[in-house]
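Asks: Here it is, the structure in full.
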Amino acid sequence: MPIVVRIDMELARRKMSVGEFAEKVGLTPANVAVLKNGRAKAVRFSTLEAICRVLECQPGDLLEYVEE
C-alpha cells in the first residue's frame, strides 16, 4: 500500500506504550495495531485529530506516501 502510517515512530520518540496511547486516543490496542501495521482501509478525521492531539504532531508526521 502506498500510504505508510508512522505512528510507531512517533510513539517511540515520546517513549509512549501502545496501551497508554490507545487509552488517551480512545481506541482499542487492537485498532492501534491495525493502524500501525498498515491494515486500515480508512481513518476518520476525528480519530486523526485525536492522534495528533495526543502525540502533539501534524498529520504529515504520521502519514507518508511511498511509491510502489
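Asks: Run ALA42 past the list (1) of a type in the set (Gly, Ala, Ser); (2) in a helix (DSSP H, G or I); (3) free of Cβ contacts under 8 Å to residues at least 12 places away in the same chain and report the number of the one that doesn't hold.
Replies: (2)
Asks: Can you spot a residue in the stretch 8-27 that is in a helix (DSSP H, G or I), touching a Lys or Arg at 6+ places or on another chain (Cβ under 8 Å) and among the charged types (D, E, K, R)?
Replies: There is at least one residue in the stretch 8-27 that is in a helix (DSSP H, G or I), touching a Lys or Arg at 6+ places or on another chain (Cβ under 8 Å) and among the charged types (D, E, K, R).
Asks: Identify all residues within the stretch 1-51 that are over 12 Å from LEU63 (Cβ atoms) and among the acidic types (Asp, Glu); write none if there are none.
Replies: Matches in the stretch 1-51: ASP8, GLU20, GLU23, GLU49.
Asks: Quick check on the stretch 10-26: of everything there that is aliphatic (A, V, I, L, M) and in contact with a helix residue (DSSP H, G or I) (Cβ under 7 Å, 6 or more places away or on another chain), which residue is surrounded by the most Cβ atoms within 10 Å (Cβ to Cβ)?
Replies: VAL25
Asks: Could you tell me which residue of the stretch 38-68 is farthest from ALA22 (Cα to Cα), considering only residues that are of a type in the set (Ser, Thr, Tyr) and out of contact with any helix residue (DSSP H, G or I) (no Cβ under 9 Å at 6 or more places or on another chain)?
Replies: TYR65
Every number here is computed from the coordinates shown, using simple stated rules; none is lab data. Keep in mind it's a predicted model, so treat the numbers as computed, not measured. In this analysis, Cβ positions are derived from the backbone assuming ideal geometry, glycine residues included, and neighbour counts consider all displayed protein chains.
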